[in-house]
Amino acid sequence: MKNLKKIVMFGILLAVPFFIAACARYEDYPIDLEQLSEEERLVIRFSHVVGEDTPKGMAARKFAELIKERSNGRIEVQVFSNGTLYKDMEELDALMREDVQLIAPAISKLTDLVPELSIYDLPYAFDSLEEVHEFTESEAGNRLKNLLKKHNLIALGLWDSGFKQISNDTRPIEHYKDLKGIRMRIMQSDILAEQYHVVDAIPRKIDFNTVFQSLKKGDVEGQENTLTNITSKNLYSLQKYLTISDHGYLGYFLLFNYDFWKKLSKEDQQLIIDTLKEVQEWQWNLAKELNDQKLREIEDCQCIDIYYLSEEEKKDWEKRFSPVYDYYAHRYGEYYIRNLPKNLKVQ
């Protein structure tokens, strides 16, 4: 009998831990979402065409890291940089086919779809990056972003590259007249083409990933871009002259395929929106810091002749470029021009 009691007590003692575990609440235990199947995960393929050490490249990685951390690994953002997945002129079509779910193209590259977006390309349209951000979140800016939805695209953020500078290997550009006859690489934008037509330069629309080779082969003599893009692609090594002109803004819309976006749960949408907003603030500061840093590095290397436009000279350039504003207004109306922050200040 005593042996029987011992056996029963031993059995009870063995059962206690299993009983406690069975009664414990599910949420008391961490869930290892890394072990989820592909069907249970949400995968977002993010393609972009610039280097990983640019403000856009670094922000893309930060966004991917934060989303993975905040979703406990359930949402995975796969970042493909430097055009490794799709080239400059391919990624928009890939997004529309939902071969990728997220891209961050230069706004200029969206102007074939929504020509009104070329307001961002107008020379000296913005006096500061803060004005760009203000305009993007204004009624006019939101109207522009809503036009993208007609093309199954939704813009959920704006990342800066910064203000563009001009380089070439023909002669110093100290006055807009010095641009005459120079073949200049530009992005896919009729407004940018008109900008150079106005000063008798020769614009050439060329894919960003092939700019280095185009400069090397002599297909073009010059180009415009931000300092972080100029240095990340080592473009300045092929150029003799650099003009710090700050003549135009270059930024990127964070674009999701709209059908894909609408299929996400409200919770996932909110997580992505909140994270992008946080990364956007971080990226804005980073872009300014890196462009300032790259200018110092170029100055220190003494490998290219640099000319800095004065504020007075910039005003002179802006006045010369006024026909480009007429070109825009004739085609797309004056609403967006009137609502540029600098114009609102004088109304």
Report summary line: Karplus ³J(HN,Hα) for the stretch 204-216 (6.51 cos²θ - 1.76 cosθ + 1.60, θ = phi - 60°; Hz, whole; x = Gly/Pro) runs 10, 7, 9, 4, 4, 5, 10, 4, 4, 5, 5, 5, 5
Query raised in the report: With the dipole of the chain worked out from charges on the C-beta (+1 for Lys and Arg, -1 for Asp and Glu) around the Cα centre, which of 124, 301, 78 lies farthest toward the positive end?
Result: 78
Query - Residue pairs, from the table 266/342; 205/288; 288/319, whose Cα atoms sit over 28 Å apart - result: 266/342
Requested in this report: Just need the relative contact order of the chain here, percent rounded to a whole number, with Cα pairs under 8 Å and 6+ apart.
Outcome: 23
Query - Acute angle (nearest 10 degrees) that the helix 322-332 long axis makes with the longest principal axis of the chain, alpha-carbon atoms - result: 60
Query raised in the report: What's the exposure ranking of 210, 111, going from fewest to most Cβ atoms within 10 Å?
Result: 210, 111
Query raised in the report: Can you put 313, 194 in order, fewest other beta carbons within 10 Å first?
Result: 313, 194
Query raised in the report: Can you give the angle from 0 to 90° between the axis of helix 311-320 and the longest principal axis of the chain, with both taken from C-alpha atoms, to the nearest 10?
Result: 80
Requested in this report: Count the DSSP beta bridges whose two residues both fall in the chain, then state the antiparallel fraction as a percent rounded to the nearest 5.
Outcome: 50
Requested in this report: Find how many whole Å separate the alpha carbon centroid of the stretch 263-301 from the alpha carbon centroid of the stretch 308-343.
Outcome: 27
Query raised in the report: If you put +1 on each Lys and Arg Cβ and -1 on each Asp and Glu Cβ, how big is the dipole of the chain around its Cα centre, in Debye rounded to 20?
Result: 940
Requested in this report: Would you mind checking 62/277; 180/240; 109/145; 217/240 for any pair whose Cα atoms are more than 20 angstrom apart?
Outcome: none
Report task. Scan (i) 30.8, 104; (ii) 19.3, 73; (iii) 26.3, 111 for the value of Rg and Dmax of the Cα atoms in Å calculated from this model and give just the label. Result -> (iii)
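Every read-out reported here was derived from the displayed coordinates using simple, explicitly stated rules and does not represent laboratory data. Note that this is a predicted model, so its numbers are computed, not measured. Heads up, the Cβs are rebuilt from the backbone with ideal geometry, glycines too, and the neighbour counts pull from every protein chain shown.
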